[in-house]
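Peer 1: Here's a structure for you.
The values are calculated or read from the model by the stated rules, or taken from the named source; none is laboratory data. A quick note: this is a predicted structure, and the numbers were derived from the prediction, not measured. All Cβ positions, glycine included, derive from the backbone under ideal geometry; neighbour counts span all protein chains shown.
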Amino acid sequence: MILAAAAAALLLAQAPPAPAPAATPTPAPPPAGPVVSIVTSLGEIKIALRPDKAPLTVDNFLKYVKAGHYTNTVFHRVIPGFMIQGGGMDAKLNEKPTRPPVRNEAKSGLRNSRGTVAMARTNDPHSATAQFFVNVKDNHSLDFGIRGAGYTVFGAVIEGMDVVDRIVAVPTHTSGGHQNVPDTPVLIKSARVISAGIAKPTTKS
């Protein structure tokens, strides 16, 4: 009996300590900038914008949103392991008229990491208009100074990254000189501002 008790005590002493209770995760702070809801044929994506880092680009994007430009456009270029691009063409790949280009703001320090949203452009750094893309992986080669002027990041997906992943997995083909076009069009049904962001406190004079 004494031996059994001693053995039990020895086993207890050798047992690993009980794991500490998991810490309650700290909730992410609410986005300080406007939030835009993009409803697609595969689900909703919510994007928090960063006017503190890319004010010209955010203002440009919001003007397109409020004008209804993105309604019935498509994600016309999707590349697994890279990004999804849209906002400039209809389902027949006709390009919509745009406003004048916006100045490149890629030097802001925001990186082209997974889930961030950036402006598409031509080889001219200051040629971005309405088209944007969502990075589906860390694409830091697109950052300022890596291979030139970089691509302006102006926001990030805060809800619906699963939708982005569904979009990038859609089978694609080449059509009329456009590569990586989804076989089934991924339609942007609507884009609207759902939150104006956190108001800055007023200071007394």
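Peer 1: Determine, yes or no, whether G115 is modelled with pLDDT under 95, surrounded by 14 or more Cβ atoms within 10 Å (Cβ to Cβ) and under 24 Å from S37 (Cβ atoms).
Peer 2: Judged against the criteria, G115 is not a match.
Peer 1: Among the numbered criteria (1) in contact with an Asp or Glu (Cβ under 8 Å, 6 or more places away or on another chain); (2) surrounded by fewer than 15 Cβ atoms within 10 Å (Cβ to Cβ); (3) without any contact (Cβ under 8 Å) to a residue 40 or more places away in the chain; (4) not aromatic (F, W, Y), which single criterion is violated by T122?
Peer 2: The failed condition is (1).
Peer 1: Of the residues A120, A156, A169, A130, only one is aliphatic (A, V, I, L, M), over 19 Å from Y70 (Cα atoms) and modelled with pLDDT of 95 or more; which?
Peer 2: A169
Peer 1: Another question, if that's okay. Answer yes or no: is there a residue in segment 103-112 that is modelled with pLDDT of 95 or more, among the small types (G, A, S) and closer than 20 Å to E44 by Cα.
Peer 2: No - not one qualifying residue is present in segment 103-112.
Peer 1: If you don't mind, another one. Need pairs with beta-carbon distance below 8 Å; first residue surrounded by fewer than 16 Cβ atoms within 10 Å (Cβ to Cβ) and within segment 41-67, second among the small types (G, A, S) and part of a strand (DSSP E or B); sequence gap 6+ or separate chains.
Peer 2: The qualifying pairs are E44/S37.
Peer 1: Being more than 16 Å from L142 (Cβ to Cβ) and of a type in the set (A, V, I, L, M, F, W, C) is the filter here; which residues of segment 75-115 pass it? Please lay out each step first, then the result.
Peer 2: As a first pass, look at segment 75-115 and keep what is more than 16 Å from L142 (Cβ to Cβ): 75-76, 78, 80, 86-103.
Those that are more than 16 Å from L142 (Cβ to Cβ) and of a type in the set (A, V, I, L, M, F, W, C): F75, V78, M89, A91, L93, V102.
Peer 1: Here are some conditions: (1) at pLDDT below 95; (2) basic (K, R); (3) assigned to a helix (DSSP H, G or I). R147 meets all but one. Which one does it not meet?
Peer 2: Against the list (1) at pLDDT below 95; (2) basic (K, R); (3) assigned to a helix (DSSP H, G or I), R147 comes up short only on (3).
Peer 1: Next up: Please give the number of the condition Y70 fails out of (1) closer than 20 Å to V157 by Cα; (2) in a loop (DSSP other than H, G, I, E, B); (3) free of Cβ contacts under 8 Å to residues at least 40 places away in the same chain.
Peer 2: Exception for Y70: condition (3).
Peer 1: Something else about it: Given the criteria within 17 Å of the chain's Cα centre (by Cα) and either assigned to a loop (DSSP other than H, G, I, E, B) or loosely packed, with under 15 Cβ neighbours inside 10 Å (or both), does L93 qualify?
Peer 2: Judged against the criteria, L93 is not a match.
Peer 1: Does segment 96-110 contain at least one residue that is among the polar types (S, T, N, Q), in a loop (DSSP other than H, G, I, E, B) and at negative phi?
Peer 2: Within segment 96-110, one or more residues are among the polar types (S, T, N, Q), in a loop (DSSP other than H, G, I, E, B) and at negative phi.
Peer 1: Okay, next question. Would you mind stating whether V58 is part of a helix (DSSP H, G or I), under 30 Å from P171 (Cα atoms), among the aliphatic types (A, V, I, L, M) and modelled with pLDDT of 95 or more?
Peer 2: On the way: part of a helix (DSSP H, G or I): yes; under 30 Å from P171 (Cα atoms): no; among the aliphatic types (A, V, I, L, M): yes; modelled with pLDDT of 95 or more: yes.
Answer is no for this residue.
Peer 1: Could you list, in sequence order, all residues of segment 166-184 that are crowded, with 19+ Cβ neighbours inside 10 Å and in contact with a His (Cβ under 8 Å, 6 or more places away or on another chain)?
Peer 2: V181, P182 - these are the residues of segment 166-184 that are crowded, with 19+ Cβ neighbours inside 10 Å and in contact with a His (Cβ under 8 Å, 6 or more places away or on another chain).
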